[in-house]
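Here the structure comes first, spelled out in structure tokens, and everything after it is commentary.
The values are calculated or read from the model by the stated rules, or taken from the named source; none is laboratory data. Since the structure is predicted, the reported quantities are computational estimates derived from the model, not experimental observations. Please note: Cβ atoms are built from the backbone with ideal geometry, for glycine as well, and neighbour counts cover all protein chains shown. SASA here: full protein model, heavy atoms, side chains in, ligands and nucleic acids out. Shrake-Rupley method; radii C 1.70, N 1.55, O 1.52, S 1.80 Å.
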Amino acid sequence: MTDNTPPKQPQPENVTELKDMKKFERWRKSLQYMTGLGMSDAEQTQFRKDLDKELESYQCRQCENWRDNLMKNSPSVRFMVEQLGKIGREIKRDDFLCAPCDITRSGGFSPEDGILLCQNRMNSKTHQEHTMVHEMVHLYDHQRFKVDWFNLRHHACSEVRAASLSGDCNWSREIQRGFYTFTKQHQACVKRRAVLSVTENPNCKSKEEAERAVASVFDSCFADTRPFDEIY
């Protein structure tokens, strides 16, 4: 009598072997995806979705790990956390939300929702550090000065302060962006980035209106380094 039972597939003997099999399977699918051989259109679409999901998960974990590390070890982040506590706004890790964003931003602040960290826009831990401080300056202004975010001059003042005090306009960041100026580089960066942000305000009708709002408050708001003693 013939035995029609299909032969058993070899099973991995330990965790390391199982991981190696998964790596090989992933490598095989990646090769098929790149070459287009042995993978249907539906399988390619699904593979792309799986890759996007894995990338999003990785970016979220990295953003959260950097957030936790910076809250413990970054002098500027810890300083802002301490200063916010002094004015009655305790801030914890859950006040920072890591989430995907479009290409126009790396973070955001909302009085209702807190601070957004754009997990897919962070080039480095230093970039995330600057973003966290930038958004905490907005939170500080909102808590201490009761900013009306729909008032363009109020918004412009906070954007000037956040861009100036966060490290967002230091020399190395500007070089990465392709801006090379040797005189008043910091001020030029602060103005440019403040205008970009104010332009996004729903009450702003044009870039020219944003520029006027920034110009009208720039000198006084640039000079106001609270809660820092100076621009670091």
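At 1.4 Å probe radius, can you tell me the per residue accessible area of segment 99-170 in Å²?
On the way: 2840 Å² over 72 residues.
Ligands and nucleic acids excluded, the result is 39 Å² per residue.
Among the listed pairs Lys53/Lys125; Lys49/Lys191; Lys146/Lys191, give every one whose C-alpha distance is greater than 30 Å. Mind dumping the intermediate values first?
Values: Lys53/Lys125 22 Å; Lys49/Lys191 40 Å; Lys146/Lys191 22 Å.
Violating the 30 Å Cα-Cα cut-off are Lys49/Lys191.
Please check which bits of segment 120-163 a label hung off Ala215 would reach, taking the label as a point 7 Å along Cα-to-C-beta and the cut-off as backbone N under 19 Å.
Label zone hits: 152-161.
Explain nothing, just compute: Karplus ³J(HN,Hα) = 6.51 cos²θ - 1.76 cosθ + 1.60, θ = phi - 60°, for every residue of segment 143-148 in order, whole Hz, x for Gly and Pro.
Computed from phi, the couplings for segment 143-148 are 6, 8, 10, 6, 5, 8 Hz.
Would you pull out the residues with amide H under 5 Å of Gly107's amide H, same chain only if 5 or more places away, H placed 1.01 Å from N?
Amide H neighbours of Gly107: Cys118.
Three principal axis extents, largest first, for the C-alpha atoms of segment 62-115, in Å?
The Cα atoms of segment 62-115 stretch 34, 25, 17 Å along their principal axes.
Determine by what factor the alpha-carbon radius of gyration of segment 90-135 differs from 2.2 N^0.38 Å, reporting the quotient. Intermediate values should be presented prior to the final figure.
Working: Rg = 10.0 Å, N = 46, 2.2 N^0.38 = 9.4 Å.
This ratio for segment 90-135 stands at 1.06.
Using a 1.4 Å probe on the protein chains only, how many percent of the accessible area of segment 53-111 belongs to carbon and sulfur?
Numbers: 1790 of 3670 Å².
Carbon with sulfur: 49 percent of the solvent-accessible area.
List the extent of the Cα atoms of segment 51-195 along each of their three principal axes, largest first, rounded to whole Å.
Projected onto its principal axes, the Cα set of segment 51-195 covers 42, 40, 30 Å.
Roughly speaking, what is the stretch gain from Ser110 to Glu64, that is 0.36 nm per residue apart minus the C-alpha to C-alpha distance, in nm to one decimal?
Value of the extension gain: 14.7 nm.
Within segment 123-165, whose backbone N sits under 19 Å from a point 7 Å along Cα→Cβ of Lys205?
Only 150-156 fall inside the zone, counting backbone N under 19 Å.
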